[in-house]
1. So for E606, E374, E221, E330, what's the accessible-area order with a 1.4 Å probe, most first?
2. Averaged per residue, what accessible surface does the chain expose to a 1.4 Å probe, in Å²?
3. Given the protein chains as shown and a 1.4 Å probe, how many square angstrom of I501 are accessible, to the nearest 10?
4. What figure in square angstrom, to the nearest 10, would you give for the accessible area of E80 with a 1.4 Å probe?
5. Need the list of aspartates and glutamates near K543 for cross-linking: C-alpha distance under 15 angstrom, and skip anything on the same chain fewer than eight residues off.
6. Please work out whether segment 515-656 counts as rounded, prolate or oblate from its C-alpha gyration tensor, where a ≥ b ≥ c are the square roots of the eigenvalues and a/c under 1.5 means rounded, while otherwise a/b larger than b/c means prolate and anything else oblate?
7. Can you tell which of L334, L421, L242 lies farthest toward the positive end of the dipole of the chain, using +1 and -1 charges on the Cβ of basic and acidic side chains (Lys, Arg; Asp, Glu)?
8. So what's the back-of-envelope 222 nm ellipticity for the chain, counting only DSSP H runs of four-plus at -39500 (n - 2.57) apiece and dividing by all residues, rounded to 500?
Amino acid sequence: MRITLARTLKQRALSELSYLHELWAGSSAPQGRQACVTSLVDRMQEGAAAATVRANLDPTADAVLRALLEQPGKAREFDEIREASAREGLTSTEVRSSLANLVQSGLGVNVSLRDASQTSNLWGVPSEIARALQDAERRSPSPAELLSLHGWLVRHLCSEGASAEQAEGQAGTLYRLLGAVQVVRGRVEALTPEARQACIQIATLHGGILPVREFAESGVEISANELRQELEEASLGTVGDLDLERHGLRQRSRVVALFRETLQAILCDPDRALEHPADVASIGVDFVSNFDRFANFVDDETIRFTVRGSIFKSTGKRLAERLLPNPGREFGRLEILEMEYRFALAFRLIDRTGQRSFRVTEEGKEFLGLSLTEKQRRMLDCLTEDRDMPGDVAHQVPMRRMVLAVLRQFQPGVWVDAMALPFLARHHYLAELPGDDSLPHEQGSFPLRASSDLNNLAWNLFTWVRKHLYLLGFIDMGYDEGGRASCLRLTEMGAEFLGMIPATELTAAGHVVVNPDFELVLFPGPRAHELVYRLDRFADREKSDNLVHYRMTPASLHRALSEGVDLDEILSLLRELSRTPLPQNVEYSLESWARSDGMVTYRESESLLTCESSEILDRIARHPELGRIGLDRIDRHQLRICGPVDLDPLSDWIRD
């Protein structure tokens, strides 16, 4: 006996038809039995609608459906169905329960066949629904076609008969009209209240991707099919099969998906900016400044290491106390020290001496002389590739790079939900994964036990954001009253690093007051991070609040000189930023400290090098380049250069 959709629908009660219309069409049934049947016949032959209803089935019912689809359109006896389902390990009770669920959902039907001796109950799938499901499975959309507006437009235009080349051209034109953030935001506002609320909930709680099977429990007041219709009419999203198993991700189901343009418009909406959190963590330039201190410790041979190369605990605690204090809850000082150590090893900025200690390498000395921005760039490269953070690095590392691109969509200083950044980065990353057509065909599914799902992807990325991106000072973290990381904001230093805003001149970043007791007080202006970093190099930061208090000492000056900072550069900066003349005792003491620390001066008119340390002049006298020019040692503290020399190479030779 062949089963057709129209015939079986006509045999259902009116209450059943009303329920099916709500389930399949997402709206109330039209008036009149015949009108309802006609509307359902049209709707139930759509592949997308049939696939959406199927996605809500439990695994047992889906297994029975697969058994029925082996002979689509045919009415079959229970024993035959039970035998076919036994291959899936189902019991008779499970098969009966699943058949009832299929009949209730409209995917299956139950018909009675009467003859002279008995009445038989038969089950099957109407041939029209079988064809609709087959059409839906023929080619699942690629991630780009499901998660991006441009990809969806191309697929939609191709389905209407356009060639691939024509679809690309037309989609590009439409995208320029539909893809602007403000235009997308306007279309979201134009949705019905139920659809708009569902859209915002899917964006903020689920990152723009919600499995259809979880849709009913999500608390939205609209059906999946009805939401799909509104989203597609407004070009904001769609419903489709998202299969990422070939990419090593535990995701293979039908989902409600917002386009990445829609997700960005919602999550970056300035009207949805959060209030100021209960507590704020802002680290600024501390991690970069602390590396300079770490390198100084190594150079002065104050750090010794175990046979395995780790820092002794007692040494680590002592050194950690000399680092800049870390504000916020993300790191302790020992963790900061360990991060500095790992970074130095990874980039070969320090090297073993063979005596269980380290020395700063030539690469390390070169690094210390770099600008703040260049140091941040190299540190970011290291932190992006960190293999010790949770998650599969094959996915996490590309998503970390995507974070920096997505971060440009945020406004500096505006608090947004903590998950907004990882959600957007994940969405952009998934949308750029290749479709199945570009991957080699594989039999069977990916071994899923150890792989990540979509929630793992976002949470692992969030861990990297709140740890490493925060560590570089590119974001601030906000916490609620319970201490939970609830929001974040892009800092002005982060925006400057990303090229979103121009750098601030030092003279506009604040001014200083230098006291005779060597205290230095910074009155910071807007975007004073560069100035804070410059002062960190030659002074010890004692307190940071609305004002930043420093103390200049012989040790802090030694740290700066060992990193290649000139005393003239320090004095020039202080004179330029100070509202009052420098105290004479401060200027004299700095020069005295520098001389006792081995400062070399050069009087060009006399071609004379002077230094209070005779050992340093001895090392200079042995330099091969200066030896070729000719040197005359006048006394223990003076050395004359006998030939012409340029100042730039001379400065480099002396530093060597």
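The values are calculated or read from the model by the stated rules, or taken from the named source; none is laboratory data. Keep in mind that what you see is a predicted model, and the values were worked out from it rather than measured. Cβ atoms come from the backbone with ideal geometry, glycine included; neighbour counts cover every protein chain shown. All accessible areas refer to the heavy atoms of the entire protein, side chains included, with ligands and DNA or RNA removed. Shrake-Rupley method; radii C 1.70, N 1.55, O 1.52, S 1.80 Å.
1. Working: E606 85, E374 55, E221 155, E330 5 Å².
If we order E606, E374, E221, E330 from most to least accessible, we get E221, E606, E374, E330.
2. Values: 31190 Å² over 656 residues.
Result: 48 Å² per residue.
3. Probe radius 1.4 Å; accessible area of I501 about 40 Å².
4. Ignoring ligands and nucleic acids, E80 comes out at about 70 Å².
5. Partners within reach: D286, E321, E519.
6. Details: a/c = 2.65, a/b = 2.33, b/c = 1.14.
Taking the square roots of the gyration eigenvalues as a ≥ b ≥ c, segment 515-656 is prolate.
7. Checking the options against the dipole of the chain, the answer is L242.
8. Values: 31 runs with 321 residues, N = 656.
When only DSSP H runs of four or more count, the value is -14500 deg cm²/dmol.
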